[in-house]
Ligand code: SF4
């Protein structure tokens, strides 16, 4: 007998194996406390797709600026214009070059604040400069929020902005700024941020231009379970309309040094247990439609990430050298080498394989 067959949510899990879940069913799964039932079903689905293989990527994050005018309530990273930093394209590319030479990274995730001083030429120069100094590195660059800013600044369509950036070397786009795709939540978290409709429009446009994305979710703040379900539902529907998302990545809100935590008296992060539930339900919702689910080690640490590999996740994520956003919350993070990641994946009973930016196994 499979582990979930006696659980209250067995009929919904059974359906997930053969059919698409409704919004209400996703919600029911997210409300279930039968974590083991959810996790074992998600593991079975994952193993059908990947066996015991778990991928990871050697990568870094380039936070090219921390100056930002969006002022999200949950963000400990940004500074007002004039009070933070902005790397020149040459300095930023030099940082990438150094890490590329030291660790042999395959991807640089480029993300920063919405800084009025940058324009599309800044990124064109930056991308070309990185490609010159680190030719084998893929550029996973700019969230829909930054794309929206460039589109407004230059009075260009999203399609034009993305086409120019693709031409300059952008190969994929991280779906940052999604947080929760529910307007009520976004108005509290980030009243100045792009709407749900705009975020979806930008990701869909990227997919149509054959720029793949990863899609994200930030949970554990002021949202309710119905809103979590709506988020997963929106991501799945987007992918059905315009396929192109390669991976789903969830992380919990880190309350340290944030206005949101002070305002809503959020004293601790909702990591571990909630992350495992969301990862399991995400796999049951997306199956192979969004083919990869990351374990999200950055906020929950390696031990929970090892569990996540047994709750439906198939990808560890990246080594994330140089990441600055989470340390800004006061959380202490030590960035692992590839050998450490491989050891941890093995420790979770999986077979580690290095991958590239497009989730292809390499080496
Ligand atoms: S999360 Fe991003 S958009 Fe929001 S304030 Fe921080 S840097 Fe700016």
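Derivation of every value follows stated rules applied to the coordinates shown; laboratory data play no part. Keep in mind that this is a model prediction, so the values were computed, not measured. Using ideal geometry, Cβ is built from the backbone for each residue, glycine included, and neighbour counts are taken over all protein chains shown.
Descriptive notes on the structure:
- In plain terms, the residue of 18, 362 with the fewest other Cβ atoms within 10 Å comes first and the most crowded comes last, giving 18, 362.
- FRET efficiency, residue 331 to residue 98 (Cβ-Cβ, R0 22 Å, nearest 0.05): 0.35
- Values of log10 I(q)/I(0), in the order q = 0.15 Å⁻¹, for the chain under a Debye, Cα-only, solvent-free model: -1.41
- Sites residue 155 and residue 36 - FRET efficiency at Förster radius 41 Å, r taken between beta-carbons, to 0.05: 0.15
- Note on region 85-122 and region 148-177: Cα centroid distance 16 Å, given to the nearest whole angstrom.
- Taking other C-beta atoms within 10 Å as the exposure proxy, 131, 230 rank 131, 230 from fewest upward.
- Mean ellipticity per residue at 222 nm, deg cm²/dmol - from DSSP H runs of n ≥ 4 across the chain, formula -39500 (n - 2.57): -14000 deg cm²/dmol
- Working from label points 7 Å from Cα in the Cα-to-Cβ sense, the residue 224 to residue 264 distance is 1.3 nm.
- The mean sequence distance of close C-alpha pairs (under 8 Å, at least 6 residues apart), as a share of the length of region 192-286, puts its relative contact order at 31 percent.
- Considering only region 10-354, percent of DSSP beta bridges that pair antiparallel, nearest 5: 5
- Listed peptides 281-289, 345-353 appear in the order 281-289, 345-353 once ranked by packing, highest mean of other Cβ atoms within 10 Å at the front.
- Computed Rg/Rh of region 64-144, alpha carbon atoms with Kirkwood Rh: 0.99
- Mean Cβ neighbour count within 10 Å, used as a protection proxy, ranking 84-92, 113-121 highest first: 113-121, 84-92
- Once the C-beta distance of residue 209 and residue 354 is scaled by a Förster radius of 22 Å, the resulting FRET efficiency is 0.20 to the nearest 0.05.
- By the count of other C-beta atoms within 10 Å, a proxy for reagent exposure, 217, 156 are ordered fewest to most as 156, 217.
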